[in-house]
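Here is the structure we will look at, set down as structure tokens.
The values are calculated or read from the model by the stated rules, or taken from the named source; none is laboratory data. Treat the numbers as computed from the prediction; the structure is a model and nothing was measured. Please note: Cβ atoms are built from the backbone with ideal geometry, for glycine as well, and neighbour counts cover all protein chains shown. These area figures cover heavy atoms from the full protein model, side chains too; ligands, DNA and RNA do not enter into them. Shrake-Rupley method; radii C 1.70, N 1.55, O 1.52, S 1.80 Å.
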Amino acid sequence: MQLKPLNTFTVTLMLFFTFLILFFSGFLEFPSVSSSIQQPFSTPPHTLSSKSRPFTDLLSAFRTWDSQMGCAGFRLKHQDLIRLLSNSSGSLQEAGGESSCHQLQMEHVSVLVKGWTWIPDNLDNLYSCRCGMSCLWTKSSVLADKPDALLFETTTPPFQRRSGDPLRVYMDLEAGRKHSGREDLFISYHAKDDVQSTYAGALFHNGRNYHVSSYKNNDTLVYWSSSRCLPQRNQLAKSLLKLLPHHSFGKCLNNVGGLDMALSFYPECANDANKPKWWDHLHCAMSHYKFVLAIENTVTESYVTEKLFYALDSGAVPIYFGAPNVLDFVPPHSIIDGTKFSTMEELASYVKALANDAVAYAEYHAWRRCGVLGNYAKARAASLDTLPCRLCEAVSIKGGRNARTE
């Protein structure tokens, strides 16, 4: 008997049910995304040499890069990125220029700091600011016996401000940007608040050892140090560090035999202090590594903290997880944004390849050597370093003690 040919619909239906049976029985399996970083991704536009050329001397890498590309070639290669990151950014406050000088109501402003954690003592000074205005910033109630503003960071401002009293200024540089509810001016890391103070300034680093090593460890690629073991950050760090040779010096994921081991590894980082703290040799220890892993406690817009800027200052290349607009705060082509990789495995492969490509690695330092800053210059200009003049200007605009009570 002759068999009837099966029609197209019947064949398609049979194949579909066969696929379902195989899938649910476990013979077919889709790729898991459990190891992926749960953020928007795009493949990084980096092309590395296929030839492995391990190196340990950073200065030698610079010379090789100079001969093959140089600053002119860097500016040409990254001209679109440089142009993009040099434009005005909503992430950063900018000085108003001479046109705003007419808004100032006072030629001299004094600020008395009442409570602080982030504010170093050597910020105290008498400053010559824009528009001919002077600014006294001090923690001494003797030097500022009749202040125009009181600055509170660790304590709450007075509940009520009476006519003729100093303006109340409250500062919170933590991720939550919590207002006290009693301030006349609010300072945070965010450009949307009254006065912005980024973490990009040099004053956050006072007292640090600035010995920077030209030797880069080629066997242990990544420096990581964290002693606040937040579960989400720990898990993120662990998922990457298990794929890369690293040293972890803090309490979290420590693999160097205990705390405060950096000076045992790098005795040249010791300073003259009798009882050195871990932060005294932070930059020096970091500088021996090609990469520093920097993960923010909280991922939120514009919250770019000292974790990233310490790594940049040390002469390492940061591997960063944090603020989605981080590129508004750093020099062009200076960091590896971990969120731009689809998986940790892809990121680790890129880091390993970069570590063995002297020219490509040196290119991450071109911004410093060629003076290509982009918005980093604006991030520095809106930092704690310049806060006294910028706050005094805001106080002057309001009128200081003569400001209206609400």
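Brief remarks follow.
- Single residue of the stretch 240-279 satisfying the filter (open to solvent by less than 50 Å² (accessible area, probe 1.4 Å), assigned to a helix (DSSP H, G or I) and at pLDDT 90 or above) that is farthest from Glu346 (Cα to Cα): Leu241
- Residue list for the stretch 215-234, restricted to those being hydrophobic (A, V, I, L, M, F, W, C) and touching a Phe, Trp or Tyr at 6+ places or on another chain (Cβ under 6 Å): Leu221, Val222
- Within the stretch 153-171, if we keep just the residues that are at pLDDT below 95 and more than 19 Å from Glu406 (Cα to Cα), the residue that is farthest from the chain's Cα centre (by Cα) turns out to be Thr155.
- Filtered by the rule that a residue be among the hydroxyl-bearing types (Ser, Thr, Tyr) and under 26 Å from Glu346 (Cβ atoms), the stretch 280-309 gives Tyr289, Thr298, Thr300, Tyr303, Thr305.
- Selection from the stretch 109-136 of residues that are part of a strand (DSSP E or B) and within 14 Å of Thr386 (Cβ to Cβ): Val111, Asn125, Tyr127, Ser128, Cys135
- Scanning the stretch 310-320 for residues that are at pLDDT 95 or above and of a type in the set (Ser, Thr, Tyr) yields one hit, Tyr320.
- Of the strands (runs of 3 or more DSSP E) that lie entirely inside the stretch 137-235, those containing 2 or more residues that are in contact (Cβ under 8 Å) with a residue 40 or more places away in the chain and closer than 19 Å to Ser110 by Cβ span 149-152, 167-171, 185-188.
- Lys307 passes every criterion in (1) open to solvent by 10 Å² or more (accessible area, probe 1.4 Å); (2) at pLDDT 95 or above apart from (2).
- For the stretch 167-219, a tally of residues being among the hydroxyl-bearing types (Ser, Thr, Tyr), closer than 30 Å to Pro267 by Cβ and open to solvent by 20 Å² or more (accessible area, probe 1.4 Å) returns 3.
- Residue in the stretch 328-353 that is surrounded by the fewest Cβ atoms within 10 Å (Cβ to Cβ), counting only those that are in contact with a Ser or Thr (Cβ under 9 Å, 6 or more places away or on another chain) and among the hydrophobic types (A, V, I, L, M, F, W, C): Ala353
- Scanning the stretch 294-329 for residues that are in contact with a Pro (Cβ under 8 Å, 6 or more places away or on another chain) and under 25 Å from Phe74 (Cα atoms) returns Leu308, Ala311, Leu312.
- The residues on offer are Ala323, Ala285, and the sole one that is surrounded by 22 or more Cβ atoms within 10 Å (Cβ to Cβ) and at pLDDT below 95 is Ala285.
- Only one entry of Cys71, Cys101 meets the criterion of being in contact with a helix residue (DSSP H, G or I) (Cβ under 6 Å, 6 or more places away or on another chain), part of a helix (DSSP H, G or I) and modelled with pLDDT under 95, and that entry is Cys101.
- Scanning the stretch 107-141 for residues that are open to solvent by 40 Å² or more (accessible area, probe 1.4 Å) and closer than 18 Å to Ala403 by Cα yields Glu107, His108.
- Annotation note: Cβ proximity below 7 Å between a residue of the stretch 72-84 that is within 16 Å of Arg368 (Cβ to Cβ) and a residue that is open to solvent by 100 Å² or more (accessible area, probe 1.4 Å) (sequence gap 6+ or interchain) occurs for Ile82/Arg75.
- Listed by first and then second residue, the pairs with beta-carbon distance under 8 Å, at least 6 apart or on different chains, first residue in the stretch 55-66 and touching a residue at least 24 places away in the same chain (Cβ under 8 Å) and within 12 Å of Ala366 (Cα to Cα), second surrounded by 17 or more Cβ atoms within 10 Å (Cβ to Cβ) and small (Gly, Ala, Ser), are Ala61/Ala358; Ala61/Ala362; Phe62/Ala362; Trp65/Ala358; Trp65/Ala362; Trp65/Ala366.
- Apart from one condition, Glu94 fits all of (1) assigned to a helix (DSSP H, G or I); (2) among the charged types (D, E, K, R); (3) closer than 28 Å to Ser134 by Cα; the exception is (1).
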